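Notes follow the structure.
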Amino acid sequence: MTAASSGLVLVLNSGSSSIKFQLVDPAAGTAVLSGLVEQIGEPGGPVTDHGAGLRLIHRQLEDSGIDLAAVAAVGHRVVHGGELFHAPTLITDEVVREIAWLAELAPLHNPANVIGIEVARKDFPDVPHVAVFDTGFFHSLPPAAAGYAIDRDVATRYGIRRYGFHGTSHEYVAGEVATLLGREPGGLNVIVLHLGNGASASAIRGGVAVETSMGLTPLEGLVMGTRSGDIDPGVLFHLNRAAGLDIDQLDELLNRSSGLKGLCGVNDFRELLEQRDAGGAAGEAAGLAYDIYVHRLRKYVGAYLAVLGRVDAIAFTAGVGENAPSVREDALAGLDGLGIVVDRARNRSGKGARVISPDDSPTTVLVVPTNEELAIARAAWQFV
Ligand code: ADP
């Protein structure tokens, strides 16, 4: 492999029952190989634990003929860095302990990240392992944006504040916007709308994040595939008292069976659009789900316009943001008076990173494919 001369980074994203991997050439900015092992530890799954899952990945890498000696670093996506970590961090035993300790803030994610790190350090013992935190980019949120209006002592004692997530994607996309516009990131005010299964918005002033829609956990903010996003916390008290739902049932309700899935039965946006267009009662439910999704998105765009004062660019990214032109049009429709216009022809054609506003628009609207793996690989490469 010619890529071997410049070195490769193995990027790992370990979930509770899956490990996604991508072997990245950070210099070329390309993925050499990618894949995933799913259903780890589940009945019928291919392997019983993460260690065996990683050995499976190891074998896939070997079978593909890649010289594993070219792997010069391993980059790990870690969901929650809490107040401890923001910059990409060289992993030591101490760092692993601290990430495990932060599991209290991210019980669904950090434990799996730790297991992934532990097995990978055994498998690739001679290269630097680097943790890249999903919360990291939002470390810069000003106190007014990061704080919840609750009892100060309670908040301090339990680390309750807004941390934000998808930071790697928001930072990467804002950087790409600057490159596409031929401007310095320091001179640009950007709104990034990351619309995937999980969804989040951010306001970025001069390359520094000043607002984002996710909070203590990735549950706050936009409507998502299965998560409710913003909701009156009083709903939880009411459901506890009136329906007898306990804390785990409420967690399950808001994280796994709300959002688009709760509203119309499907969390995949393509299926939602098909269901809506097919009509009938199911179509009506899907139409309402779409409307709530888009309405929430517009509210955030409006709020972030006010937060930033001047917005140079609005960028759509991730599965829905990159592939659903109607969402982009509907979310920004009727904002001409604010200098925000989506050109229908541009929005409906083309591929990849591109401008979809007219040339003379005060605010440039763009589609920018995200690439979290590349961003993690580049961050890990700094330690080689
Ligand atoms: P994840 O958060 O899991 O990384 P993605 O960024 O891949 O998610 O986004 C997944 C979402 O993107 C799904 O809801 C999927 O339906 C949606 N999506 C993918 N392609 C299209 C498309 N052509 N039109 C509408 N939605 C799409």
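The values are calculated or read from the model by the stated rules, or taken from the named source; none is laboratory data. Since this is a predicted model, take the numbers as computed values, not measurements. Glycine gets a Cβ as well: all are built from the backbone with ideal geometry, and neighbour counts include every protein chain shown.
Things to note:
Each row is one residue, and each column tells you yes or no for (1) at pLDDT 95 or above; (2) out of contact with any Pro (no Cβ under 6 Å at 6 or more places or on another chain); (3) within 18 Å of residue 24 (Cβ to Cβ).
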position	(1), (2), (3)
314	yes, yes, no
317	yes, yes, no
328	yes, yes, no
339	yes, no, no
354	yes, yes, no
374	yes, yes, yes
384	no, yes, yes
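- Of all residues in the stretch 323-340, those that are surrounded by fewer than 19 Cβ atoms within 10 Å (Cβ to Cβ) and in a helix (DSSP H, G or I) total 8.
- Taken over the stretch 43-73, residues that are touching a helix residue (DSSP H, G or I) at 6+ places or on another chain (Cβ under 6 Å), assigned to a loop (DSSP other than H, G, I, E, B) and buried (at least 18 other Cβ atoms within 10 Å of the Cβ) amount to 1.
- Which numbered condition residue 87 fails, given (1) in contact with a Gly (Cβ under 7 Å, 6 or more places away or on another chain); (2) assigned to a helix (DSSP H, G or I): (2)
- Among the candidates 36, 54, 61, 90, residue that is among the hydrophobic types (A, V, I, L, M, F, W, C) and either within 14 Å of residue 113 (Cα to Cα) or touching an Asp or Glu at 6+ places or on another chain (Cβ under 7 Å) (or both): 54
- The single residue among 56, 36, 23 that is without any contact (Cβ under 8 Å) to a residue 24 or more places away in the chain, aliphatic (A, V, I, L, M) and touching a Ser or Thr at 6+ places or on another chain (Cβ under 8 Å) turns out to be 36.
- For the stretch 4-15, taking the residues that are out of contact with any strand residue (DSSP E or B) (no Cβ under 8 Å at 6 or more places or on another chain) and surrounded by 15 or more Cβ atoms within 10 Å (Cβ to Cβ), the one that is farthest from residue 384 (Cα to Cα) is identified as 15.
- Looking across the stretch 307-319 at every residue that is within 21 Å of residue 363 (Cα to Cα) and either among the polar types (S, T, N, Q) or in a helix (DSSP H, G or I) (or both), the one that is nearest to the ligand (Cβ to nearest atom) is identified as 318.
- The set of residues in the stretch 215-265 being touching a Lys or Arg at 6+ places or on another chain (Cβ under 9 Å), surrounded by fewer than 16 Cβ atoms within 10 Å (Cβ to Cβ) and assigned to a loop (DSSP other than H, G, I, E, B) consists of 230 alone.
- Annotation note: of 289, 201, the sole residue that is touching a strand residue (DSSP E or B) at 6+ places or on another chain (Cβ under 9 Å), within 16 Å of the ligand (Cβ to nearest atom) and in contact (Cβ under 8 Å) with a residue 24 or more places away in the chain is 201.
- Filter pass, residue 304 being part of a helix (DSSP H, G or I) and within 25 Å of residue 187 (Cβ to Cβ): yes
- Unique match (being out of contact with any strand residue (DSSP E or B) (no Cβ under 7 Å at 6 or more places or on another chain), away from the ligand (no atom under 16 Å from the Cβ), hydrophobic (A, V, I, L, M, F, W, C) and in contact (Cβ under 8 Å) with a residue 12 or more places away in the chain) among 150, 191, 160: 160
- In the stretch 266-291, the residues that are assigned to a helix (DSSP H, G or I) and farther than 16 Å from residue 327 by Cα: 278, 280, 281, 282, 283, 284, 285
- Residue match in the stretch 217-235 (condition: farther than 29 Å from residue 282 by Cβ and within 16 Å of the ligand (Cβ to nearest atom)): yes
- Of the residues making up the stretch 101-133, those that are assigned to a helix (DSSP H, G or I) and under 18 Å from residue 160 (Cα atoms) are 101, 102, 103, 104, 110.
- Taking every residue in the stretch 253-276 that is over 11 Å from residue 197 (Cα atoms) and pairing it with any residue that is part of a helix (DSSP H, G or I) and among the hydroxyl-bearing types (Ser, Thr, Tyr), at least 6 positions away or on another chain, the pairs with Cβ-Cβ distances below 7 Å are 272/290; 276/290.
- Of all residues in the stretch 121-132, those that are closer than 14 Å to residue 68 by Cα have Cβ atoms under 8 Å from Cβ atoms of residues that are basic (Lys, Arg), 6 or more apart or on another chain, in 123/55.
- Here residue 82 meets the list (1) closer than 13 Å to residue 130 by Cβ; (2) part of a loop (DSSP other than H, G, I, E, B) almost entirely, failing just condition (1).
- Against the test of being out of contact with any His (no Cβ under 7 Å at 6 or more places or on another chain), crowded, with 22+ Cβ neighbours inside 10 Å, of a type outside the set (Ser, Thr, Tyr) and closer than 26 Å to residue 217 by Cβ, the options 117, 19, 99, 40 yield a single qualifying residue, 99.
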